[in-house]
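Before any comments, here is the structure.
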Amino acid sequence: MKSKKQNADFLHVGELLLAWYKIHGRDLPFRNTNDPYKIWICEIIFQQTRIEQGLNHYSRFIHRFPDVQTLAEAENDEVLLYWKGLGYYSRALNLHKAALQIVREFQGKFPENYNNILSLKGVGKYTAAAISSICFGTKIPAVDGNFYRVLSRVFADDFDISKSKAFLYFSELALRMMPENEAGHFNEAMMDLGSEICKPKNPKCEICPLNKECLAFSLGKVHEFPVKSKKTKPTDLELTYHYVEFNGRFLIKRRGDDFIWKRLYEFPTEVPAEFKTEIVHHKTVLHKLTHRNLTVQIYKVILNSEEIFKKFAEENGFIITDLEESHQKSFPKPLENYMKWIEDEI
DNA sequence: AACGCGGGGCT
DNA sequence: AGCCCAGCGTT
């Protein structure tokens, strides 16, 4: 149990942070709304995704799916199309499921209660806290990577952030710092400080509003925090695809929701042996994933018989498409890049 | 509690 | 080449 004086110190840090945010907070498109739908979408998009990377996707997504009803009524495929290139595709699938959930279980009105928000597919403790605090003023910290980094540095706290207990541990610290009736702004402030000042590498401690209170800074040990024990060990994975073409058209099929690239489109992985004689080139694409070194082999096969092309497609459930049409489908990045390359060749 | 899931940027 | 990013669901 901490003393009253320490609690006052905690609150002081929270107020410094909030004051900084009101002047230096980022001007982002979702900062001017309390619409829980929009906040929800942006929270999901920006999970494990940098703001610059997802900003255009956010705008396009909101423009096409301006509310829960529109999203719920959309085709699964189109939701994925608007997610194209973002990665972690189960986020898009869960988003769609949750929209249906809101329509069916909550009569189309976005739930306002924390536990109801948490019950939505793809919404975990962080996202539920963010929506609750920003849209409904619930006093609850939205603890994410920024909280871990900022708090562990301010208190020179070596609590291992890879432990599942870290969420609760830093939630309690954050709650003691949180000013009354400012939960949403406080959470946003922590995100902005973590992104603009208290960055993972080369933090701007000289201009940090918390540098007088930051223990790690005063000890010259900012780089030692946060402490994270888990090390990711990349494994190798090889995939083979065939760009089977006849007269400008080629074959695709939708993936299942197993493994990677859930429900995205891909080329045939295997072709009959007699197709091998029609290979015109072979490209090796190296693709870096978070925990995998991916090597994708792509063989371009140009068939000279429409009959064989159509028969192969029909017997194996492939869709016949072309480069123009394929813009309306969501493909994994390596295949997307390959098609761009083919298009440029023409 | 540990692991898998994308893609991009930074060092 | 490794780490990190407005994390979550599954096992």
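The values are calculated or read from the model by the stated rules, or taken from the named source; none is laboratory data. Bear in mind that the values here come from a model prediction, so they are computed numbers and not experimental data. Here the Cβ is made from the backbone with ideal geometry for all residues, glycine too, and neighbour counts use every protein chain on show. Note: areas computed on protein heavy atoms with side chains; ligands, DNA, RNA excluded. Shrake-Rupley method; radii C 1.70, N 1.55, O 1.52, S 1.80 Å.
Accessible area of A:Met339, 1.4 Å probe, to the nearest 10 Å²?
10
Take the Cβ-Cβ distance between A:Gln328 and A:Lys139 as r, set R0 to 25 Å, and report the resulting FRET efficiency rounded to the nearest 0.05.
The calculated FRET efficiency here is 0.05.
Could you size up the charge dipole of chain A around its Cα centre, putting +1 on the beta carbon of Lys and Arg and -1 on that of Asp and Glu, and report it in debye to the nearest 20?
Result for chain A is approximately 1420 debye, rounded to the nearest 20.
Take the alpha carbon atoms of segment A:174-217, find their center, do the same for segment A:1-75, and report the distance between the two centers in whole angstrom.
15
May I ask you to give the solvent-accessible area per residue for segment A:274-346, in square angstrom, as obtained with a 1.4 angstrom probe? All intermediate terms of the calculation are to be shown ahead of the outcome.
Working: 4490 Å² over 73 residues.
Per residue, segment A:274-346 has 61 Å² of solvent-accessible surface.
Could I have the simple spin-label model distance between A:Leu289 and A:Lys199, label points 7 Å from Cα toward Cβ, reported in nm to one decimal?
Each label point is offset 7 Å from its Cα along the Cβ direction, giving 2.9 nm.
What fraction, in whole percent, of alpha-carbon pairs in segment A:153-302 exceed 25 Å separation?
Across segment A:153-302, Cα pairs with separations above 25 Å total 56 percent.
As an exercise, use a Förster radius of 45 Å and the Cβ-Cβ distance of A:Ile260 and A:Thr33 to find the FRET efficiency, rounded to the nearest 0.05.
Numbers: r = 34 Å, r/R0 = 0.75.
Here the calculated transfer efficiency is 0.85.
Cα atoms only: what Rg and Dmax, in Å, come out for segment A:235-345?
Values for segment A:235-345 (Cα only, Rg and Dmax): 13.7, 42 Å.
Stick to Cα atoms and the Kirkwood definition of Rh, then tell me Rg/Rh for segment A:88-222.
1.04
State the extension gain, in nm to one decimal, for the chain segment bounded by A:Ile207 and A:Thr321, taking 0.36 nm per residue of separation less the distance between their alpha-carbons.
35.6 nm
Once amide H atoms are placed 1.01 Å from N in the peptide plane, what residues at a sequence separation of 5 or more from A:Leu239, or on another chain, have their amide H within under 5 Å of its amide H?
Placed amide hydrogens put A:Thr295, A:Val296, A:Gln297 under 5 Å from A:Leu239.
Could you put A:Cys205, A:Cys42 in order of accessible surface area, largest first, with the 1.4 Å probe and the full protein assembly present? Kindly include the intermediate steps, with their values, before the conclusion.
Details: A:Cys205 25, A:Cys42 5 Å².
Descending order: A:Cys205, A:Cys42.
What share of Cα pairs, in percent, lie more than 29 angstrom apart in chain A?
Percentage above 29 Å: 51.
May I ask you to list the GluC sites (Glu not before Pro) in segment A:145-211 that are in a DSSP loop and have at most 10 other Cβ atoms within 10 Å of their Cβ?
Details: sites: A:Glu172, A:Glu180, A:Glu182, A:Glu188, A:Glu196, A:Glu206; in loops: A:Glu180, A:Glu182.
The qualifying sites are A:Glu180.
Among the aspartates and glutamates, select those whose C-alpha is under 13 Å from the C-alpha of A:Lys230, and discard any that sit fewer than 8 residues away in the same chain.
A:Asp160
Check cross-link reach from A:Lys109 to the lysines: straight Cα distance under 20 Å, and skip same-chain residues fewer than eight apart.
A:Lys38, A:Lys97, A:Lys121
Can you list, bin by bin at 10 Å, the percent of alpha carbon pairs in segment A:164-236, starting at 0?
Cα pair-distance distribution for segment A:164-236, in percent: 15, 41, 34, 8, 2.
Out of A:Glu15, A:Glu336, A:Glu324, any idea which swings most in a Gaussian network model of chain A, alpha carbons joined below 10 Å?
Sorting by GNM fluctuation, first place goes to A:Glu324.
Give the calculated FRET efficiency between A:Asn76 and A:Leu11 to the nearest 0.05, with a Förster radius of 45 Å applied to their Cβ-Cβ distance.
Taking R0 as 45 Å, the efficiency between A:Asn76 and A:Leu11 is 0.45.
Whenever you get a sec, compute what percent of the accessible area on segment A:1-142 sits on carbon and sulfur atoms (1.4 Å probe). Could the numbers behind the result be given before it?
Details: 3580 of 7170 Å².
Taking all protein chains in place, segment A:1-142 shows 50 percent carbon and sulfur surface.
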